[in-house]
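Inspection log for the structure reproduced underneath, given as structure tokens.
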Amino acid sequence: MPRTFPKTLALLLVLALVAACNRQKEAPGTPGGGSPEDATRESLQLLRDGKFDLFWKHALPPADFATLRADWPRRNAANEPMSDEDRAKFENGVKRLTEPDAEKKLFADLRPTLVRFDRDYKDQMPLIAGIGQSMALTAIDQAKDLTLSQKRQLREAVNIVGPWAQTVSWGDQAKAKQAIATVVDTARQAHLSTPDALHAMNFEQSMATWSTAWLGFKRLLDVYGLSIDKTFDSVSIDTLERGGGSAHVKITYTLLDKPIQTDATMVLLDGRWYDSDLLQRVRDEHARLAPPAPAPAPAPAPATSVPARPGTAATPAPPVADARAR
């Protein structure tokens, strides 16, 4: 479990929306979509419902989907060895969430904190939320793997979620019980055990775990009055430009009844539309994970030629579509 995981929770909602609002459509379980709007809309529906296996099959051409599944064991592997301390923390956390009467035990541990929050910190929520909002905006600005459009969208989302966080009754004990019950139920359904088992999951197992976590996360936010389904269902999609096998679409949705806009570049491949950014990321990741091809035996060179440097990197594949400045 990465040490930075707790810090990502504040951004999880808006990151999920960014990911969701740069995808595609058609009938569930089939790749691509018949129009840019249909392709985007169906992807959003699959993401909303946590059907991540069908989403990937829909959002990628068949060959790229097959590559994604084949690459998954390497994608899913731990990036770095986990320390014994972190491993013990993970396993202890799973045990606490899944043991009998976990809901009662966790609430008993949390209740003094809720009482102390209402007594000492409730009036400071504007300051606390403001600090969290500032930290989130800084993290977005420093992110290197987000486009300008995605950063702009994230900033708008954070600036909406921040004021909402100031109004939530975080010390409400009834809501805390509901939230704990949701987290415990989600952990039990996910069948978590050890970090090694988590990293050893195949594609289908990982998608099922993602789905369980995502649906649980939505239920958790519902407890505090933030409906993710309402946000997904508010999406409207318009094609701004189309021609030459590509299209530029505008996506508008509401978060806590505030409108946010983003855009995406779609490409037409074999009669179906795909998000060019998503497809490019999958292909780039495949290139990163693929084992290097064996170097060909050097051909005899004339005595006057300069020897080639061994290990020269191959030229990267051209992008899926010309990048639009966004």
Using 0.36 nm per residue, how much length does the chain from residue 89 to residue 166 gain when fully extended, once their Cα-Cα distance is taken away? 24.6 nm
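Report the extension gain between residue 284 and residue 63 in nm, rounded to one decimal, defined as 0.36 nm multiplied by the number of residues separating them, less their alpha carbon distance.
Numbers: separation 221, 0.36 × 221 = 79.56 nm, distance 1.44 nm.
That pair, residue 284 and residue 63, stretches by 78.1 nm at full extension.
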Under the Karplus relation 6.51 cos²θ - 1.76 cosθ + 1.60, θ = phi - 60°, what is the ordered set of whole-Hz ³J(HN,Hα) values for region 124-131, x standing for Gly and Pro? 9, 4, x, 5, 4, 5, x, 5
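Say R0 is 30 Å: what FRET efficiency, to the nearest 0.05, do residue 109 and residue 258 get from their beta-carbon distance? Walk me through the numbers before you get to the answer.
Working: r = 35 Å, r/R0 = 1.18.
Computed FRET efficiency for residue 109 and residue 258 comes out at 0.25.
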The answer for residue 60, listing residues at least 5 apart or on another chain whose modeled amide H is closer than 5 Å to its amide H, is 32
So, over other residues within a Cβ distance under 10 Å of residue 137, counting Lys, Arg +1 and Asp, Glu -1, the net charge is +1
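How far, in nm, would the chain grow between residue 197 and residue 215 when pulled straight, counting 0.36 nm per residue and subtracting the alpha carbon separation? Numbers along the way, then the final one.
Details: separation 18, 0.36 × 18 = 6.48 nm, distance 2.12 nm.
Extra length available between residue 197 and residue 215 comes to 4.4 nm.
Bear in mind these aren't lab numbers, they're just calculated from the coordinates by the rules spelled out. Please read these numbers as outputs of a predicted model, since none were measured by experiment. Neighbour counts run over all protein chains shown; Cβ positions are idealised from the backbone, glycine included.
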